[in-house]
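The values are calculated or read from the model by the stated rules, or taken from the named source; none is laboratory data. Keep in mind the model is a prediction, meaning the values are calculated, not measured. For neighbour counting, all protein chains shown are included, and Cβ atoms are generated from backbone atoms with ideal geometry for every residue, glycine included. Ligands, DNA and RNA are excluded from the accessible area calculation, which covers all protein heavy atoms including side chains. Shrake-Rupley method; radii C 1.70, N 1.55, O 1.52, S 1.80 Å.
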Amino acid sequence: MTVLIGMPASGKTTVCKLYEEIYGEQVYDTDAVIENLHGNIGKIFAEYGEEYFRQLETEAIRKILDRGDAGLISTGGGTVLREENARLLKEYGKIVYLKAGLETLLKRLDGDTSRPLLSGNVRERLTELFSERTPIYERVADIIIDTDGLTPREILEKI
């Protein structure tokens with residue numbers, strides 16, 4: 001099992017979908033599992049806060065891992081900020097950090113209003129998250145793939 005981590009818009013979900021199309025193997029997206037079980041992520045953040053959402057991520061990871069049939073797992077951008085999540089994911093597979101530069105991420109997020117942690121000044125908020133999360137991603141990753149300038153297919157080939 002391979003687990004994809006990285007910033008919002010780093011390509012995790014896109015690469016998982018492509019993998020499923022090509023190989024026909026089961027893939028999971030922790031955010032999609034949460035939305036299926038609990039509803040809209042933006043509403044969860046607004047009504048219950050980030051810590052509650054992080055607890056739901058842990059539950060989603062446990063559900064996915066209990067199934068044991070995933071080829072790839074796409075995680076939310078903040079999933080591995082919780083040490084328990086990073087530990088669980090490492091126990092069951094390889095963690096691949098899809099590393100995208102800040103400018104690449106900003107281009108991909110232009111006009112995207114669906115991400116609760118990026119509300120307000122997107123550049124400022126993303127820069128802040130990028131600085132906070134990059135060292136964590138690098139620490140927990142087994143493999144780091146620089147995705148700048150690569151197509152989803154090229155990223156998948158590197159994985």
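Odds and ends about this structure:
- Phi-derived couplings, Karplus 6.51 cos²θ - 1.76 cosθ + 1.60 at θ = phi - 60°, listed residue by residue for region 15-32: 5, 4, 4, 5, 4, 4, 4, 6, 9, x, 8, 5, 10, 10, 10, 4, 5, 5 Hz, with x used for Gly and Pro.
- Proximal aspartates and glutamates relative to LYS107, as straight alpha-carbon distance under 18 Å, when same-chain residues fewer than 8 apart are discounted: GLU124, GLU128, ASP146, ASP148
- Principal semi-axes in Å for region 49-97 [√(5λ), Cα gyration tensor, largest first]: 17, 12, 9
- Average Cα contact separation per residue, region 1-107, under 8 Å, 6 or more apart, as relative contact order %: 50 percent
- Protection proxy ranking, peptides 10-20, 50-60, average beta carbon neighbours within 10 Å, highest first: 10-20, 50-60
- Theoretical ellipticity at 222 nm over the chain - DSSP helices of four or more residues, -39500 (n - 2.57) apiece, nearest 500: -17500 deg cm²/dmol
- Using the Karplus relation 6.51 cos²θ - 1.76 cosθ + 1.60 with θ = phi - 60°, the per-residue 3J(HN,Hα) values for region 83-98 come to 3, 4, 5, 4, 4, 4, 5, 5, 4, 9, x, 8, 9, 10, 8, 7 Hz, with x marking Gly and Pro.
- Alpha-carbon Rg with Dmax, taken over region 1-118, Å: 13.8, 38
- Close amide-amide hydrogen proximity is noted between ASP29 and SER74, each under 5 Å apart and 5 or more residues distant or on a separate chain (H modeled in the peptide plane; Pro and chain starts excluded).
- Solvent-accessible area per residue, Å², over the chain with all protein chains present [probe radius 1.4 Å]: 52 Å²
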